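What follows is calculated from the coordinates using simple rules that are stated; it is not laboratory data. Worth saying up front: this structure is predicted, and the values here are computed from it rather than measured. All Cβ positions, even for glycine, are placed from backbone atoms using ideal geometry, and neighbour counts span all protein chains on display.
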Amino acid sequence: MSNKKYYWLKLKEDFFDDDTIEWIEEQDNGKEYCLFYLKLCLKSLKSNGILVRNVGEMLVPYDVKKLAEMTKTDIDTVRVSMDLFTRIGLVQILENGEIYLTQLANMVGSETSKAQLMRNKRSRDKQLSDGNNVTNSLHKESNIPENRYTEIEIEKELELDIESEKEREKEKENRPSSSSPSLIDVRFVKIRTFFDENIRVSTFSEHKKMYDLLDDYNDPQLIIEAIKLSGENGKPNLNYVTGILKNWKVEYGINTHEDWKVKMSAKSQSDNNQQSIRGNHGKNESSLDGFYKQLERDKQAWGG
């Protein structure tokens, strides 16, 4: 008999009273977002909260369209809710694009088929000891021989359960950190909105990069200036934006938007001075030309 493992989602009785879940439900279409979140949890039960597609030897991240198909959810609901879950820390986008549900470790139950039978047996034995002699009828209904499991087998199953518990603890230790940004990170919203409206609609993995940029520079307006420049240079991607910000920092000591404004003001003044010098130089040349032309006319008039 194969020892199949079953998984289930454990929800505390106050799950919907949690501040985060309450806040999600308060949003427009919030109940749909909660339903979508629970569907993601169920889809990732067997993979420790990580969602990614295994295509041959490749790991292919889920996109909005595929998530919508997989969960039978409206694509706009998926797009908005994934952005929302990322912002409040329920979801993290890992380095290779995997979707990681940060709270799932506390919501998973599992049991092997043999462990389930053992639990049923213990329950029957307890009923027998309590004087409620329904053991025989239960055995007949389930077609399980009364002495199917010996004490030695039960001990082995208990050892397996202990080992499984140890493995689960190791998996928890190796999971990515569940530290998350604040409930609503206005800085991130500002950057993402500018990017979406002026460059193109950003992806989940780009949202993670935006958070990384905020960790490094902590100034959304400075990052927006770098995004503007990347668009003007025809390279509208966040890797190029990162390069711009690093160059500003190393070459010009720019760490904040105020630093950037000071440097841009100085550069603008320098450019104006250069234009003024060139303009005055042109005027001097024109006056000199006029002087020589007038001198030539005077010579001709006086017969010189």
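Per residue of the stretch 65-80, in order, report the coupling 6.51 cos²θ - 1.76 cosθ + 1.60 (Karplus, θ = phi - 60°) as ³J(HN,Hα) in whole Hz, putting x for Gly and Pro.
4, 5, 4, 5, 5, 5, 9, 6, 10, 4, 5, 5, 4, 4, 4, 5
Rank-order 78-91, 247-260 by packing density, defined as the average count of other C-beta atoms within 10 Å over each peptide's residues, highest first.
Final packing ranking: 78-91, 247-260.
Which cross-chain or sequence-distant (5 or more) residues have an amide H under 5 Å from the amide H of Arg53, H modelled 1.01 Å from N in plane?
Distant-sequence amide H within range of Arg53: Val60, Tyr62.
Quick one: compute the contact order of the stretch 186-252, relative version, from alpha carbon pairs under 8 angstrom and 6+ residues apart, as a percent.
Averaging sequence separation for qualifying contacts and normalising by length gives 30 percent for the stretch 186-252.
Anything over 21 Å Cα to Cα? Flag those among Lys31/Lys72; Lys10/Lys43; Lys208/Lys261, in the order listed. Kindly include the intermediate steps, with their values, before the conclusion.
Working: Lys31/Lys72 15 Å; Lys10/Lys43 14 Å; Lys208/Lys261 27 Å.
Over 21 Å Cα-Cα: Lys208/Lys261.
Go ahead and run the numbers for FRET between Asp215 and Asn29, Cβ-Cβ distance against an R0 of 25 Å, rounding to 0.05.
Using R0 = 25 Å, I get an efficiency of 0.25.
Set the Förster distance to 22 Å, then compute FRET efficiency between Glu22 and Ala105 from the Cβ-Cβ distance, nearest 0.05.
Rounded to the nearest 0.05, the efficiency is 0.55.
Mind giving me the FRET efficiency for Leu38 and Lys235? R0 is 41 Å, r the Cβ-Cβ distance, nearest 0.05 is fine.
Numbers: r = 40 Å, r/R0 = 0.98.
Calculated value: 0.55.
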